[in-house]
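Engineer: Dropping a structure here in structure tokens format, bear with me for questions.
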Amino acid sequence: NSGVMSLLRPLLLDVVPTIQQTAALALGRLANYNDDLAEAVVKGDILPQLVCSLSEQNRFYKKAAAFVLRAVGKHSPQLAQAIVECGALETLVICLEDFDPGVKEAAAWALGYIARHNSELSQAVVDAGAVPLLVLCIQEPEIALKRIAASTLSDISKHSPELAQTVVDAGAIAYLAQMILNPDAKLKRQVLSALSQIAKHSVDLAELVVEAEIFPVVLTCLKDSDEYVKKNGATLIREIAKHSPELSQFIVNAGGVAAVIDCIGSCKGTVRLPGIMMLGYVAAHSENLSMAVIVSKGIPPLCTCLLEEQEDHIKAAAAWALGQIGRHTPEHARAVAVTNVLSTLLSIYMDTCSSEDLQLKASIFKAKRALKNILQKCTYLPALEPLLHDAPPNIMKHIVGQFSKVLPHDSKARRLFVTTGGLKKVQEIKAEPGSLLQEYINTINNCYPEEIVR
């Protein structure tokens, strides 16, 4: 408000180098604070001056100038676009070849902040020739430079298969894969993130990541003491598993399912989310893969997540994963049903039906879908019976439907159904005449002599 921006601008051209650098640093900090101030830097015509000096000044000034560009570019695609338009990308790319690692780091950071917004800006960074130089930067000895270069490659890869392919073509995968075992946690986070962003787009890209022999090495990240390393490791495995039964089978064979299950059991909150999703994806592909999740004891930790987690999207993911495990055959459904999780799913569905919150609606929908998927295959009656007392009509028809399939062929179950009060409960259900539910009830009643039904 006091007009500091216009006072700082001439200082960028001062004859004393330290004054130039300090002025640039001051502008960077102002621009970093919020988008209004960043916009003032753009409107004050300061960017062309910085870009000019980036190519000729000393390393201290270059770092400060790159910091200003990063501080402006981080806020919004529009501000990042302003940086592109003043010709900064080419100069930043030249800085990636600088002798000083700090200048390289500052330039990589600025490029990453521009590329992360959208695919157009990311493409502009690629077209300026940044990718091969970033791949050279991840091979430099300085840890800080490796981190930022990996992070920028991640930001470039995330938008589209084509951009990810550019990063792959520059040979990034092999160098990233070698760093999965690096002792530095922050570097591991970025490396795992970059590999995830490449693998997520297509089967072909996921296979290229797998071919870099990241298994079984990546499984050690699931035991890491750093929460983000765990989370990003699980995310990478999830992004590979989701594409095809073959890739999922490969992960199962490498011991990936058991490792992810241990990881879900040992942590809390959002760190669990990618692991939960990964189990769902694996189980969704085929009966055999779903059985692999069951045999590795994947169901109990998923049930724990349903009961323990407070956040709806994590509950929803756990519900979805259980639905994927239980939906294949009666055997799969029984494995889920014996844990008593059906009543938990039902209560999540019932609790939140009345809510207005859209986030909640998503979790209800997932709980309902999971419940239906499991119910339609479940022939294990002891798990279904408690639900007869609480279920709303739209779920009730699936439960009664399963009884109507099993009871006619199982005399022991028929006897139990009377003594536990199940048959009595069925008589109390008010069904529309001619509805599917009424047909199911009639089928059940027809299994018994009339006086018992009465």
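The values are calculated or read from the model by the stated rules, or taken from the named source; none is laboratory data. Everything numeric in this text was worked out from a predicted model, so none of it was measured. All Cβ positions, glycine included, derive from the backbone under ideal geometry; neighbour counts span all protein chains shown. Accessible surface is based on the protein model in full, side chains and every heavy atom, while ligands, DNA and RNA are left aside. Shrake-Rupley method; radii C 1.70, N 1.55, O 1.52, S 1.80 Å.
Matching residues to (1) within 22 Å of LEU121 (Cβ to Cβ); (2) outside any helix (DSSP H, G or I); (3) β-branched (Val, Ile, Thr):
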| residue | (1), (2), (3) |
| --- | --- |
| LEU8 | no, no, no |
| VAL15 | no, yes, yes |
| VAL42 | yes, no, yes |
| LEU89 | yes, no, no |
| LEU92 | yes, no, no |
| ALA106 | yes, no, no |
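Engineer: Which members of the range 425-441 meet the condition of being in a helix (DSSP H, G or I) and surrounded by 18 or more Cβ atoms within 10 Å (Cβ to Cβ)?
Structural biologist: VAL426, LEU437, TYR440, ILE441 - these are the residues of the range 425-441 that are in a helix (DSSP H, G or I) and surrounded by 18 or more Cβ atoms within 10 Å (Cβ to Cβ).
Engineer: Next up: Tell me whether the range 40-53 contains one or more residues that are out of contact with any His (no Cβ under 9 Å at 6 or more places or on another chain), among the aliphatic types (A, V, I, L, M) and open to solvent by 50 Å² or more (accessible area, probe 1.4 Å). I'd like the intermediate steps shown before the answer.
Structural biologist: At the first step, the residues of the range 40-53 found to be out of contact with any His (no Cβ under 9 Å at 6 or more places or on another chain) are 40-53.
From the residues that got through so far, the ones that are among the aliphatic types (A, V, I, L, M) too are 40-42, 46-47, 50-51.
Imposing the further condition that a residue be open to solvent by 50 Å² or more (accessible area, probe 1.4 Å) reduces the set to none.
Checked against the condition, which is being out of contact with any His (no Cβ under 9 Å at 6 or more places or on another chain), among the aliphatic types (A, V, I, L, M) and open to solvent by 50 Å² or more (accessible area, probe 1.4 Å), the range 40-53 yields no hits at all.
Engineer: Okay, moving on. Every residue in the range 361-374 that is over 10 Å from GLY323 (Cβ atoms) and crowded, with 19+ Cβ neighbours inside 10 Å, please. If you could, list the steps in order and put the result at the bottom.
Structural biologist: Our first condition is that a residue be over 10 Å from GLY323 (Cβ atoms); within the range 361-374, this holds for 361-365.
Within the range 361-374, SER363, ILE364 qualify.
Engineer: Got at least one residue in the range 45-52 being in contact with a Phe, Trp or Tyr (Cβ under 8 Å, 6 or more places away or on another chain) and either among the acidic types (Asp, Glu) or assigned to a helix (DSSP H, G or I) (or both)?
Structural biologist: Checking the range 45-52: not a single residue is in contact with a Phe, Trp or Tyr (Cβ under 8 Å, 6 or more places away or on another chain) and either among the acidic types (Asp, Glu) or assigned to a helix (DSSP H, G or I) (or both).
Engineer: Sticking with this structure for a sec: Select from the range 1-15 the residues that are open to solvent by 60 Å² or more (accessible area, probe 1.4 Å) and more than 45 Å from the chain's Cα centre (by Cα) and list them in ascending order.
Structural biologist: Across the range 1-15, the qualifying residues are LEU7, PRO10, LEU11, LEU13, VAL15.
Engineer: Anything in the range 370-411 that is within 35 Å of the chain's Cα centre (by Cα) and aromatic (Phe, Trp, Tyr)? List them, or say none.
Structural biologist: TYR380
Engineer: Taking GLY422 as meeting all but one of (1) within 21 Å of ALA337 (Cβ to Cβ); (2) of a type outside the set (Ser, Thr, Tyr); (3) open to solvent by 10 Å² or more (accessible area, probe 1.4 Å), write down the number of the exception.
Structural biologist: The single condition GLY422 does not satisfy is (3).
Engineer: Failed condition for HIS328, given (1) open to solvent by 10 Å² or more (accessible area, probe 1.4 Å); (2) assigned to a helix (DSSP H, G or I); (3) in contact with a helix residue (DSSP H, G or I) (Cβ under 6 Å, 6 or more places away or on another chain), with all others met?
Structural biologist: (2)
Engineer: Report yes if some residue within the range 23-38 is outside any helix (DSSP H, G or I) and without any contact (Cβ under 8 Å) to a residue 40 or more places away in the chain; otherwise report no. I'd like the intermediate steps shown before the answer.
Structural biologist: Let us first name the residues in the range 23-38 that are outside any helix (DSSP H, G or I), namely 34.
Then keep just the ones that are without any contact (Cβ under 8 Å) to a residue 40 or more places away in the chain; that gives none.
Scanning the range 23-38, I find no residue that is outside any helix (DSSP H, G or I) and without any contact (Cβ under 8 Å) to a residue 40 or more places away in the chain, so the answer is no.
Engineer: I'd like to verify a number: residues in the range 268-303 that are over 21 Å from HIS243 (Cα atoms) and assigned to a helix (DSSP H, G or I), how many?
Structural biologist: Final tally of qualifying residues: 9.
Engineer: A further question on this structure: Across the range 90-131, which residue is nearest to SER76 (Cα to Cα) among those that are open to solvent by less than 30 Å² (accessible area, probe 1.4 Å) and among the β-branched types (Val, Ile, Thr)?
Structural biologist: Checking each candidate, the answer is ILE114.
Engineer: For the structure I just gave you, tell me whether LYS186 is basic (Lys, Arg), part of a helix (DSSP H, G or I) and surrounded by fewer than 20 Cβ atoms within 10 Å (Cβ to Cβ).
Structural biologist: Spelling it out, LYS186 is indeed basic (Lys, Arg), part of a helix (DSSP H, G or I) and surrounded by fewer than 20 Cβ atoms within 10 Å (Cβ to Cβ).
Engineer: Being within 15 Å of LYS430 (Cβ to Cβ) and assigned to a helix (DSSP H, G or I) is the filter here, so list the residues in the range 368-394 that pass it. Outline the logic, then answer.
Structural biologist: Residues of the range 368-394 within 15 Å of LYS430 (Cβ to Cβ): 388-389, 391-394.
Once the filter is applied, which keeps residues that are within 15 Å of LYS430 (Cβ to Cβ) and assigned to a helix (DSSP H, G or I), the range 368-394 yields LEU388, HIS389, PRO393, ASN394.
Engineer: For the range 228-238, indicate whether the set of residues that are within 17 Å of SER151 (Cα to Cα), not in a helix (DSSP H, G or I) and not hydroxyl-bearing (Ser, Thr, Tyr) is non-empty.
Structural biologist: no
Engineer: May I ask you to verify whether THR220 is under 26 Å from GLY171 (Cβ atoms) and polar (S, T, N, Q)?
Structural biologist: In short, yes.
Engineer: Out of the residues in the range 256-295 that are open to solvent by 10 Å² or more (accessible area, probe 1.4 Å) and under 15 Å from GLY323 (Cβ atoms), which is farthest from the chain's Cα centre (by Cα)?
Structural biologist: Looking at residues that are open to solvent by 10 Å² or more (accessible area, probe 1.4 Å) and under 15 Å from GLY323 (Cβ atoms), I get GLU287.
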